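Some notes on the structure that comes next.
The values are calculated or read from the model by the stated rules, or taken from the named source; none is laboratory data. The structure displayed is predicted, hence computed values, not measured ones. Cβ: placed from backbone, ideal geometry, glycine included. Neighbour counts: every protein chain shown. With ligands, DNA and RNA removed, areas are computed over all heavy atoms of the protein, side chains included. Shrake-Rupley method; radii C 1.70, N 1.55, O 1.52, S 1.80 Å.
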Amino acid sequence: MSTDLLTGRANQKRRTRTAIVGAARDLIGTGGEITMAAVAKSALVSEATAYRYFPDLPSLLRETLASAWPSPAQAMEPVAHSADPADRVGYAAEFLLRGVLRNQGAVRAMISATITRPETAPARPGVRFGLIDYALAPLDDPHAPVSHEDLAQLKRDLAVVVSAEALFILTDLCGLSPDDAIASAVRTARTLTTAATQANA
């Protein structure tokens, strides 16, 4: 097979993959339901073709959303110089949940897919963990008022609260508006952090 033909095929594969990811990004922007069939239709490829490039919806969404989130350091820049863990955690919670709202079609699809197929859970971006780690960085110090074990527990507690799942419980099941739901989650995250630091002070 000629080099030109191989190069042409490689370029075509890149264009197809780019088209699929672009279609997924456009659908996410509409806020509507995200399915592999809808993405394939928008990308002008068959659903079978889409699955050849991405084995499941979570893997497609992971790649699509990768560029949607800045690094934790970039996200937390406005509070980077704050030494108050509660302030830092509150900011991280609000940042994450606002992002979830902007991309909730994709986030809901990701959660749904990983619930029915737990083995795909590692494909979820896990943005919350990076933000929580960065927010609590001032406590990751031998002289901090929180032990290593208590800090690890606090991170687990916050992972429950600073999450898309918590936001959707507050909006879908508790009937809160998005703004009120975010305020509630932020308040809970700050309360957990303050309690953990004061208990060991």
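Would you confirm whether or not region 79-87 contains a residue that is aliphatic (A, V, I, L, M), part of a helix (DSSP H, G or I) and within 12 Å of the chain's Cα centre (by Cα)? Among the residues of region 79-87, not one is aliphatic (A, V, I, L, M), part of a helix (DSSP H, G or I) and within 12 Å of the chain's Cα centre (by Cα), which makes the answer no.
For region 137-159, the criterion of being under 28 Å from ASP26 (Cβ atoms), among the β-branched types (Val, Ile, Thr) and either free of Cβ contacts under 8 Å to residues at least 60 places away in the same chain or open to solvent by 30 Å² or more (accessible area, probe 1.4 Å) (or both) is met by none of the residues.
Look at region 12-29: where a residue is without any contact (Cβ under 8 Å) to a residue 24 or more places away in the chain and in a helix (DSSP H, G or I) and a partner is basic (Lys, Arg) and surrounded by fewer than 19 Cβ atoms within 10 Å (Cβ to Cβ), sitting 6+ places away or on another chain with Cβ atoms under 9 Å, you get ALA23/LYS41; GLY29/ARG102. When LEU65 is tested against (1) exposed (fewer than 14 other Cβ atoms within 10 Å of the Cβ); (2) at negative phi, exactly one condition is not met: (1).
The set of residues from region 42-89 being β-branched (Val, Ile, Thr) and more than 11 Å from ILE20 (Cα to Cα) comprises VAL79, VAL89.
Scanning region 166-201 for residues that are open to solvent by 80 Å² or more (accessible area, probe 1.4 Å) and among the β-branched types (Val, Ile, Thr), which turns out nearest to ALA135 (Cα to Cα)? Checked region 166-201; the qualifying residue nearest to ALA135 (Cα to Cα) is THR191.
In region 85-112, the residue that is nearest to ASP179 (Cα to Cα) out of those that are among the hydrophobic types (A, V, I, L, M, F, W, C) and in contact with a Ser or Thr (Cβ under 6 Å, 6 or more places away or on another chain) is VAL89.
In region 60-75, the residues that are outside any helix (DSSP H, G or I) form Cβ pairs under 6 Å with partners that are of a type in the set (A, V, I, L, M) and at pLDDT 85 or above, at six or more places apart or across chains, as follows: TRP69/VAL127.
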